[in-house]
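The values are calculated or read from the model by the stated rules, or taken from the named source; none is laboratory data. Small disclaimer: the values here were computed from a predicted structure and weren't measured. Don't worry about glycine lacking a Cβ; one is built from the backbone with ideal geometry, like all the others, and counts go over all protein chains shown. Calculation scope for accessible area: heavy atoms of the full protein, side chains included, ligands and nucleic acids excluded. Shrake-Rupley method; radii C 1.70, N 1.55, O 1.52, S 1.80 Å.
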Amino acid sequence: KRDELKDSGISMDDFLKNLNIEITIKQSNNFTIPRISQLTLKTNQFNLTTKRYQEEEIRKLTNDKNFLVGCTQVQDKFGDNGITGVFIVDKQNSEEWFLDSFLLSCRIMGREIEKAILNYIIEQAKKNNVKKIVAKYVPTQKNKPVEDFLPKCGFSQSNDKWVYDVNNSLKLPEFLAVTVENE
């Protein structure tokens, strides 16, 4: 049904608006840890660093106050795509946070869901008086789809890293409805 709508001749903007996309941002917990690990182990295309984490490693990061580990569940009018996005943020530096991992399942690519996840991380950084978010794009043969993500979202290149000033604002697409679980 999604493919039929996309192929119906409407614009990409209208397609995205018609999907009624709902995103739920969740903190890592006993229920989500296995799926978060699974996504880090098998996601290649939209994956900034392609770091791989076993369940036990995700559990350790989840229990470490110096890390923010979460995921996103994505639904639209045609159904639930499940947990299809993951983020791991290293918060050990009080001035800048490092985006350790950021990835999306290929099932939901092209819907700007990554902007909602990044916006959530930016808002958390602001609440903690963090000045910058630093990221690294590690190119592989398969992750070309994520290559332009950081510059398109307002990150500036600084040597081999990308830096985002949290005082900047990231425009969230109007067609996304975002909920944060347990906040």
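Taking 20 Å as the cut-off, the amide N atoms of region 83-102 that come nearer than this to a point 7 Å along the Cα-to-beta-carbon line of ASN63 belong to 88-92. Computed with a 1.4 Å probe over protein heavy atoms only, the accessible area of ARG59 comes to about 70 Å². I'd like the distance between the alpha-carbon centres of region 23-67 and region 91-129, rounded to an integer number of Å. One Cα centre to the other: 13 Å.
For VAL180, the residues 5 or more places off, or on other chains, whose built amide H falls under 5 Å of its own are ILE25. Return a whole-number percent for the relative contact order of region 134-183, with Cα pairs under 8 Å and 6 or more residues apart as the contact set. Once normalised by length, the contact order is 33 percent. In loop segments of region 1-109 as defined by DSSP, the GluC sites (Glu not before Pro) with at most 11 further C-beta atoms inside 10 Å of their C-beta are GLU95. Net charge dipole, the chain: roughly 280 debye, given to the nearest 20, about the Cα centre with Cβ charges of +1 for Lys and Arg and -1 for Asp and Glu.
Given an 8 Å cut-off on Cα distances and at least 6 residues of separation, report the relative contact order of region 1-96 as a percent.
For region 1-96, the relative contact order is 29 percent.
Between LEU99, LEU48, LEU19, the GNM of the chain built on Cα springs shorter than 10 angstrom shows LEU19 fluctuating the most. In this structure, the pairs whose alpha-carbon distance is over 28 Å, taken from LYS60/LYS152; LYS127/LYS171; LYS17/LYS136; LYS65/LYS142; LYS115/LYS136; LYS6/LYS126, are LYS60/LYS152; LYS17/LYS136; LYS65/LYS142; LYS6/LYS126. Remark: C-alpha extents of the chain on the principal axes read 48, 37, 35 Å, sorted largest to smallest. Residues MET109, MET12, ordered by accessible area of protein heavy atoms at a 1.4 angstrom probe radius and largest first, appear as MET12, MET109.
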